[in-house]
Amino acid sequence: MTIKRITFVQEMLKFMGLEGRLHLEWISSAEAQKFARVVTEFTDKITHLGPSPIAKATRLIPMEPYGEKRRKHEYHKAG
Amino acid sequence: MNITKQVEQLLKQGDVDIFLAYRELDGHMIPHGYTLDNLEELPSLKVSQHRYSLEKVATHLTEKKPDIKIGIVARDCNQRALNLLYTWNQLQPENITPIMVNCCPSQTRTHSDCTYLDPKSTGAFKEEHGINFNEDPGNFMDNNDNSQRFSRWMYEFSKCIKCYGCRNICPVCFCPDCSLENPDLVEPGALPPEIPIFHLVRATHMAGRCIDCGLCEDACPAEIPLRFLYREMNRIVSDVFDYTPGVGLEKSPFTVIGGEVTLEPKPMDA
């Protein structure tokens, strides 16, 4: 089930143009070396891909209210 | 027998407590419930090309009154939605009486009655920066690289005014608590909503549920190609889970735990 769901999300992200930023691996608690290797490899891969384009893209969109207000949850509290 | 007679008979025989259809009001077709108490309104029942998710109304009615018997005027898309709602236990098939009406043209039906049959047109700017409504997902993947796809989707999503129209019209959106209204997940008071997360949350929820009626895309005031998006989601679902929502009464694979899997995890450099 997990593998099917993750495959679905991977395909979805690919469709969105965010390919390669999700990885699934089975690692047992007895496989410390495998864990270290997979995490290192994935970190390298993400470093190579660079920062997520979402942050960059959303900065270009004029948003109102944004910044301080957005972070303070003012609207949420008022509602 | 015409539909008015048919409905009258159903109501008088007590086969249905309410019949959901449309009535003409000032030249507009609006959803309406016909009951024994307002039989005089029956002549205003009209079947036109306009459509609405009547099965959503049926779901709400059933929520309030579980034993209510509902008649419903249905096209193929409504029938798919009903099938899906049966499998999710939102409606009971024995309480629903659909009357099928003309839908897409076929060998038995030479003409059609559905708003969807006018294909949506896409303007030049949208064509260049966004996504054509009638694009084929395969071509979209082939003609755009990763970053182009991303910028096209972000252009589309950034127009979102968070009106929730897509969710409100959706016949298969029935959760009592919507993730899209949870203030911890979706920041209130910010426009556009956090993109692309907002739309991807809905897209994920549509996987294995969307019956491709296209009402969301019709409803969207920002012209986001939602049908295109959910269609592709369900293409993936049919590949990965071998399931097409609304076709039969088979349970959604998302509600079934376990099962044999032949997939392998993707290698990291795929």
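The values are calculated or read from the model by the stated rules, or taken from the named source; none is laboratory data. As the structure is a prediction and not an experimental result, all values here were calculated from the model. Positions of Cβ are backbone-derived with ideal geometry, glycine not excepted, and every protein chain shown enters the neighbour counts.
Data for the structure
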| item | result |
| --- | --- |
| Residue in region B:247-268 that is within 14 Å of A:THR7 (Cβ to Cβ), in a loop (DSSP other than H, G, I, E, B), of a type in the set (A, V, I, L, M) and within 11 Å of chain A (Cβ to nearest Cβ) present | yes |
| Unmet requirement for B:PRO196, which otherwise passes all of (1) touching a Leu at 6+ places or on another chain (Cβ under 9 Å); (2) at pLDDT 90 or above | (2) |
| Candidates B:ASP37, B:ASP15, filtered to the one that is in a loop (DSSP other than H, G, I, E, B) and over 18 Å from B:ASN102 (Cα atoms) | B:ASP15 |
| Residue satisfying condition, being crowded, with 20+ Cβ neighbours inside 10 Å and modelled with pLDDT under 85, within set B:ARG51, B:ARG80, B:ARG109 | B:ARG51 |
| Residue check for A:THR2: under 13 Å from the mean Cα position of the chain (by Cα), surrounded by fewer than 13 Cβ atoms within 10 Å (Cβ to Cβ) and either of a type outside the set (Lys, Arg) or at the interface with another protein chain (Cβ under 7 Å from one of its Cβ atoms) (or both) | no |
| Residue among B:PRO171, B:PRO225, B:PRO188 that is at pLDDT below 85 and crowded, with 16+ Cβ neighbours inside 10 Å | B:PRO188 |
| Cβ pairs under 9 Å, 6+ apart, first in region B:1-14 and more than 14 Å from B:ILE70 (Cα to Cα), second of a type in the set (Phe, Trp, Tyr) | none |
| Residue list for region B:18-30, restricted to those being surrounded by 11 or more Cβ atoms within 10 Å (Cβ to Cβ) and farther than 15 Å from B:PRO98 by Cα | B:ARG23, B:GLU24, B:MET29, B:ILE30 |
| Residues satisfying the stated conditions in region B:16-51, i.e. acidic (Asp, Glu) and in contact with a Ser or Thr (Cβ under 6 Å, 6 or more places away or on another chain) | B:GLU24 |
| The lone exception for B:GLN148 - which of (1) at pLDDT below 85; (2) within 16 Å of A:THR58 (Cα to Cα); (3) surrounded by fewer than 16 Cβ atoms within 10 Å (Cβ to Cβ) it fails | (1) |
| Test result for B:HIS50, free of Cβ contacts under 8 Å to residues at least 12 places away in the same chain and under 17 Å from the mean Cα position of the chain (by Cα) | no |
| All positions within region A:5-56 that are in a loop (DSSP other than H, G, I, E, B), free of Cβ contacts under 8 Å to residues at least 24 places away in the same chain and more than 8 Å from chain B (Cβ to nearest Cβ) | A:LEU22, A:ILE27, A:SER28, A:SER29, A:ALA30, A:GLU31, A:GLY50, A:PRO51 |
| Selection from region B:150-189 of residues that are within 14 Å of another protein chain (Cβ to nearest Cβ), out of contact with any Phe, Trp or Tyr (no Cβ under 7 Å at 6 or more places or on another chain) and without any contact (Cβ under 8 Å) to a residue 24 or more places away in the chain | B:PHE150, B:SER151, B:ARG152, B:GLU181, B:ASN182, B:PRO183, B:ASP184, B:LEU185, B:GLU187 |
| Extreme residue, modelled with the highest pLDDT, among residues of region B:228-246 that are out of contact with any Gly (no Cβ under 7 Å at 6 or more places or on another chain) and either in a loop (DSSP other than H, G, I, E, B) or small (Gly, Ala, Ser) (or both) | B:SER238 |
| Residue ID - farthest from the other protein chains (Cβ to nearest Cβ), chosen from residues in region B:237-246 that are surrounded by 20 or more Cβ atoms within 10 Å (Cβ to Cβ) and among the β-branched types (Val, Ile, Thr) | B:VAL237 |
| Of residues in region B:197-236 being under 21 Å from B:TYR86 (Cβ atoms) and within 14 Å of chain A (Cβ to nearest Cβ), the one nearest to the chain's Cα centre (by Cα) | B:CYS210 |
| Yes/no for B:ARG75 being among the charged types (D, E, K, R) and under 20 Å from the mean Cα position of the chain (by Cα) | yes |
